[in-house]
Amino acid sequence: MEVGKGLLNGKFIYKMMADGSVDKTKVICTYCRCELSYHRSLSSLKYHLMAKHTADADSTPPPRQTQTTLTSLQRRPMDNSTRNKVTTAIAKWVATACRPVNVVEDEGLLEIIHIASNDYTYELPSRATITSKIHNIYEEEKTKIEEALRQTNTVALTGDYWTSLSNHSYLGVTAHYFDTHWNLQSHALTVMKTEERHYADVCAEHFMQVARQWNIELKISTLTTDSARNMIAAARQLPFDHMPCTAHSLHRAITVSLQNSPFDSGLAKCRKVVGHFKHSPANAAELEQQQVAHHQKKQSLTQEVSTRWNSTLEMISRVHRNQKPLRDALALHANNINMPTAAELDKLKRLENVLEHCRYVSELLGGEKFVSCSVVLPALCHLSRVMEVSEDDPRYMIKFKETFTTDMDKRKDETNITWLRVATALDPRFKDLKSLSRADRAEVWSSICALLRERGDGLAQRDKPVLAEPLKKRSCLMSAPDSSSDDEDDCIEKCVERYKAEPPIGIEDCPLQWWSKHEGAHSEMAYLARRYLAAPATSIPCERLFSLSGHVVQKKRAALSSENVNRLVCLSNWLSAKKEK
């Protein structure tokens, strides 16, 4: 390179010494007259041009290639796949948590996603997008449930009506059945808006309409409802068995037994005491201070509500546990609120001990993930032993127990006792039928034999060839000895006896696991078990469905269309059930 031209097309020139010589270890920038060292490498000179004289430089060096860091990766925008996943997750969250769709317009939610994803270009989907996504998810989940219902042979239903805040009537229906692995499945089928008055024939048509929509009208075994007159009358018009809700009957018997009872005075005082502290934040704070002073756990009181099961028991229990804090808190102010007397508290304590057994039974029969229909008769037998009058019982307890026993026996006779007995026999925990008399036990096993015989006749009729047999063959059959029916009866009886010979399992063991292991050895009995054990003993699944509906149809969402109410409630029920698994 010539000295006159300098370096990099004259952008740098060599330094001239005072004596006129050239120092080739030093160069001068022609733009800023900056002196730089030069050692046969142009890298530092190019860097100077890029850093100081980018606009003036003609030839720019290639950009530096650095290793991609984790921070730079996190700052990259979401790809379409991730955005779709986030949209689907938001739609499921809206449906499961009963959130309004306009939550996607919340700036706080957007800020959270920005921080979590480190993508500040992300924008929340619109309300229309979330609504469309919810509809798609609903159709996908509905298709899965339809396929599961198609694979089962028997389905049990629960049903009830509910009125929303906007004074609209809805029918809720749930389905219960066993899958191929003997897992008890429970699904909401519909929360359908109804316009007509709830006469018996209208109710019956509503249930059949739901059955036709899901194509299960020929698979339904039982319908469990409360004991309202229109429901009982509607059940008579339906082609399947009716199962009155045992929990409704139990708590109705408790209500009847407490009417005009010696417990009225103590219960009335408990209600006033609870109301005094529930309706005033200041009074509630004083009660908490007294609980701390007595080294007790802070605990709010529970008010008795006629429509809330076991609320009477919970009110009595909490008043008993907080006697001293309640007395000291009431003594701080002059008021006309009096604690129950010692005699009244003693009465309530005896009542609490009895009602505790009733709560245990109602909770035992109200589950959706375990068998309940076969537990009804053993549970009622347990209650009958609890309600037996003893020599130590005072007169007021004798009156309560006798009233309860009389009312409960009357309601028990109104239940589907035949179905309950067969279900109890098909549960390997209770197949000894100790909750029944010996005569009733023999009758139950005879009923099971008849059911197996009827099933065999139905299969034979279904598999019967369409073409008529030749006359000669038919005449030979008529002249043959009639031994096939006797052989069939013997086979059925042996099948039943083989099942009865199996050792019973413990009360804490799962009957469904037993049937899963022994289905091959008792195939005919397993068919009946699938049919009878899947029936719920209570309509509590519908009560839970209406509790969920109350979260969906709120005051701010009272204008929701009936179709959206049905989609949101059912989808929330389905997705919540999948999470629990």
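No value in this document is a laboratory result; all are computed from the given coordinates. All figures in this text were calculated on a predicted structure; none of them were measured in a lab. Virtual Cβ from ideal backbone geometry, glycine too; neighbours counted across all protein chains shown.
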Just to check I understand the Karplus step: with θ = phi - 60° and J = 6.51 cos²θ - 1.76 cosθ + 1.60, what whole-Hz values come out for the stretch 198-208, glycine and proline as x? 8, 6, 4, 5, 5, 4, 4, 5, 4, 5, 5
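With contacts defined as alpha carbon pairs under 8 Å and 6 or more residues apart, what's the relative contact order of the chain in percent? Walk me through the numbers on the way to the answer.
Working: 662 pairs, mean separation 102.8, N = 581.
Relative contact order for the chain comes out at 18 percent.
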Pairwise over distinct Cα atoms, reciprocal of the mean inverse distance: report the Kirkwood radius of the stretch 251-371 in Å, one decimal place. 15.4 Å
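Stretch Lys15-Thr307 to full length: gain in nm at 0.36 nm per residue minus the Cα-Cα span? Before the final figure, lay out each step's value.
On the way: separation 292, 0.36 × 292 = 105.12 nm, distance 10.14 nm.
Length gained, Lys15 through Thr307: 95.0 nm.
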Quick calc, the chain, dipole around Cα centre from Cβ unit charges on Lys, Arg (+) and Asp, Glu (-), nearest 20 debye, gives 2160 debye
Karplus-derived 3J(HN,Hα) from phi for the stretch 370-382 (6.51 cos²θ - 1.76 cosθ + 1.60, θ = phi - 60°), whole Hz, x at Gly and Pro, runs 9, 5, 10, 5, 6, 8, 4, 5, x, 5, 5, 5, 5
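Summing -39500 (n - 2.57) over the DSSP H runs of n ≥ 4 in the chain and dividing by its residue number, what mean residue ellipticity at 222 nm do you reach, to the nearest 500 deg cm²/dmol?
Numbers: 23 runs with 317 residues, N = 581.
So the calculated ellipticity at 222 nm is -17500 deg cm²/dmol.
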Which of the aspartates and glutamates could a cross-linker bridge to Lys500, judged by Cα under 12 Å and excluding same-chain residues fewer than eight apart? Asp427, Asp432
Members of Lys92/Lys298; Lys92/Lys193; Lys219/Lys578 lying beyond 26 Å, as alpha-carbon distances in this model show: Lys92/Lys298
Positive-end extreme of charge dipole, the chain - chosen from Ile115, Leu330, His53 (charges on Cβ): His53
Can you work out ³J(HN,Hα) from phi for every residue in the stretch 528-545, in order, using Karplus 6.51 cos²θ - 1.76 cosθ + 1.60 and θ = phi - 60°, giving whole Hz and x for Gly and Pro? 5, 4, 4, 6, 8, 7, 6, 6, x, 7, 9, 9, 4, x, 5, 4, 5, 5
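I need the semi-axes of the equivalent ellipsoid of the stretch 97-182: take the C-alpha gyration tensor, multiply each eigenvalue by 5, square-root it, list largest first in whole angstrom.
That gives 36, 21, 11 Å for the three semi-axes.
What does the net charge come to around Thr224 if you take all other residues with beta carbon closer than 11 Å to its beta carbon, with K and R at +1 and D and E at -1? Could the numbers behind the result be given before it?
Working: positive: none; negative: Asp160, Asp226, Asp241.
Around Thr224, the charge tally is -3.
Under a point-charge model restricted to the Cβ atoms of Lys and Arg (+1) and Asp and Glu (-1), what is the dipole moment magnitude of the stretch 251-371 relative to its Cα centre, in debye to the nearest 20?
The dipole of the stretch 251-371 has a size of about 40 debye.
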When semi-axes √(5λ) of the Cα gyration tensor in Å is calculated directly from the model, which label among (i) 72, 42, 23; (ii) 49, 24, 21; (iii) 95, 34, 17 fits? (i)
